[in-house]
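Rule-based calculations on the coordinates, nothing more; no lab input. Quantities reported herein were computed from a predicted structural model and do not represent experimental measurements. Cβ coordinates were reconstructed from backbone atoms using ideal geometry, including for glycine residues, and neighbour counts include every protein chain displayed.
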Amino acid sequence: MIDLVIRGDTVVTPQGVGAHDILISGGVIAAVAAPGSIAVPDGTRVIDATGKIVIPGGIDPHVHCKWHLPGPDGTATETAPPDVVSMAAVHGGTTTMLDFTRAQQGKDVRDAIEKRELDWKGHSACDYAQHLMVEGALPIDLPGQIAEAIQSGFPTVKIFTTDITPSRKGRMVDFGDIWEIFQVLAANKGLGVIHSEDNDIVMHMYGKLIREGRTGFENLAEVHNTLSEDVSFRRVIRLAEKVPGTALYMMHVSAATGVSAIHEARRRGTPIYGESLHQYMLYSSEDYKKPNGQIYHTYPSLKGPEDHAALWQGTLDGSINCVATDEICCTLKQKLQGARIDDTTGGNAGVEPRVALMYTEMVGKRGYSLQRYVDLVSTNAAKIMGLYPRKGALAAGADADICVLDPADKRVIKAAELHEADYSPWEGRKMDAWPCLTVLRGKVVVENGTFKGSLNDGKWQHRKVADEMFTAPRL
């Protein structure tokens, strides 16, 4: 029985853009058909999306909810929980987020997963999944546990090649252990999700700038620099290429050097995928000099105009496949608590405006096709992370996760009107469209700015990365 119909004249499907009815039954898309071509029962709700843009629900593959946030005085706080961030997500048209489970924060990986699920189950307005995160010196029995977790629906494993700051010792995994993890990933069809910076260069630059007395956060681009990204990306790629079957997802690519390394590896046939963040694509190290310039920062640092150009080009040539947020939803006070190169708070509150912001920047300002835009904010993440075709597509059999953008709503972003933090790095930007409807598995959860969902709506998503993603770059 058909429960809901969304009728639009600009509906973005895997086959193209056109006028379609999306017929929904039991939370799943039953059919995508020509308008009025399939009769629906009397009383079925039909939502008229004429003049609007109908796309799959957004997927943000990189968020941190209820996350440990170190302070400059040695104390720590937590970032906002899924209760808050997921609410912002659905208001902004995002229906699935991927967070992280720190593998060593339990007696074993299974225990860590179960503990992390308690943070999410019954606390999320959108669907969710977790990357595993491994850190520091790895226990000898960890590879076997990771193999089991991959088979249980956790196929992505995050690895740090740096401690990020001098105060965060214990994040970096050495290359011998990375080599061992890559062998586990290759054998079990898992994906390496990499925070890649050269630790020697980063820590050398911390020491150099501290000795020179240039400790202000406005110097962060000198520490987390383009050379570090170049050296580290190429080293990780080289290691992966020596373990046949290893596929990589390079997180938060920030520099032209990183884009080049991915591009060259893809030309060799290496299965590697790139993610950037909207901060890196739209802000530069010059923005650190603005009042409260910390609000634009995440790790690695913002870079320069030449890096902007490379990141945008990467979204066109396949080097950058996803635009994520690295969501850290915290208060302005927390965001500004550090002002040095070695204590500035990373991450940003950006999950709510992401879908509209990228529509404005891609389709409105740069002339991207609607399909390319949808790939970058939804479909590619679903394919890379093992959610497709259940997520990321308006197609029969897919979950009825839908975002409707209204081009008549050209609002200016104001933190006071958003649902996550008390500040926004996107304050004052005018949008070319804004979501007016968000549907999660067939349920209308936000309509014209009114929340109609529940924090019980979000469900954990079992994932399995398609075999084809491991043989060659597919996007």
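For this structure, a couple of remarks:
- The longest stretch of the chain left intact once loop-based GluC sites (Glu not before Pro) with at most 16 other Cβ atoms within 10 Å are removed from consideration, loops following DSSP, is 213-426.
- Annotation: amide H of Trp434 within the under-5 Å range of Asp406, Asp409, sequence separation 5 or more or interchain, hydrogens built in the peptide plane.
- In summary, the stretch 181-337 shows an alpha-carbon radius of gyration equal to 1.08 times the 2.2 N^0.38 Å reference for compact globular proteins.
- Converting phi to 3J(HN,Hα) with the Karplus coefficients 6.51, -1.76 and 1.60 and the offset θ = phi - 60°, the stretch 164-178 yields 6, 10, x, 7, 10, 3, x, 7, 5, 9, 6, 5, x, 5, 4 Hz in sequence order, with x at every glycine or proline.
- Here the calculated FRET efficiency for Asp317 and Lys410, from their Cβ-Cβ distance with R0 = 35 Å, stands at 0.70, rounded to the nearest 0.05.
- Per the Cα gyration tensor, the stretch 335-475 maps to an equivalent ellipsoid with semi-axes of 27, 21, 18 Å, ordered largest to smallest.
- Compactness ratio for the stretch 1-118: Cα radius of gyration over 2.2 N^0.38 Å (N = residue count) comes to 1.52.
- Correct option for volume of the Cα convex hull per residue in Å³ [calculated from the coordinates] among [x] 150; [y] 128; [z] 190: [y]
- FRET efficiency for the Ala309 to Lys208 pair, using the beta carbon distance and R₀ = 35 Å, is estimated at 0.80.
- Estimated at 0.36 nm per residue, the fully extended path between Ala395 and Ala339 surpasses their Cα-Cα distance by 15.4 nm.
- Segment Leu118-Arg45, extension gain: residue separation times 0.36 nm, minus the distance between their alpha carbons: 22.8 nm
- Size descriptor for the stretch 199-247, Kirkwood hydrodynamic radius: 12.2 Å (Cα pairs only, one decimal).
- Legend: calculated FRET efficiency, Ala137 to Ser369, from the Cβ-Cβ distance at R0 = 35 Å, rounded to 0.05, equals 0.15.
- Adding -39500 (n - 2.57) for every DSSP H run of four residues or longer, then dividing by how many residues the chain holds, sets the calculated 222 nm ellipticity at -7500 deg cm²/dmol.
- For a label point 7 Å along the Cα-to-beta-carbon line of Ser37, residues of the stretch 371-411 with backbone N under 19 Å: 394-398
- Label-point separation, Thr331 to Asn448 (7 Å along Cα→Cβ), nm: 3.5
- Nonlocal amide H pairs with Ala247, under 5 Å, H built at 1.01 Å: Gly192
- Less than 5 angstrom separates the built amide H of Ala324 from those of Ser276, Leu277, His278, all sequence-distant by 5 or more or on a different chain.
- Entries in Lys289/Lys414; Lys158/Lys289; Lys52/Lys430; Lys290/Lys333 that, when Cα-Cα distance is taken, lie over 24 Å: Lys158/Lys289
- Only Cα pairs under 8 Å and 6+ residues apart enter the sum, and on that basis the relative contact order of the chain stands at 22 percent.
- Averaging the sequence gap over all C-alpha pairs within less than 8 Å and six or more residues apart, then dividing by the number of residues, gives the stretch 104-225 a relative contact order of 23 percent.
- Considering only Tyr128, Ala103, Ala149, the residue lying farthest towards the positive end of the dipole of the stretch 58-388 is Tyr128, judged by Cα position with unit charges set on Cβ.
- Proximal lysines to Lys459, defined as alpha-carbon separation beneath 21 angstrom and excluding residues fewer than eight positions away on the same chain: Lys66, Lys115, Lys121, Lys383, Lys391, Lys443
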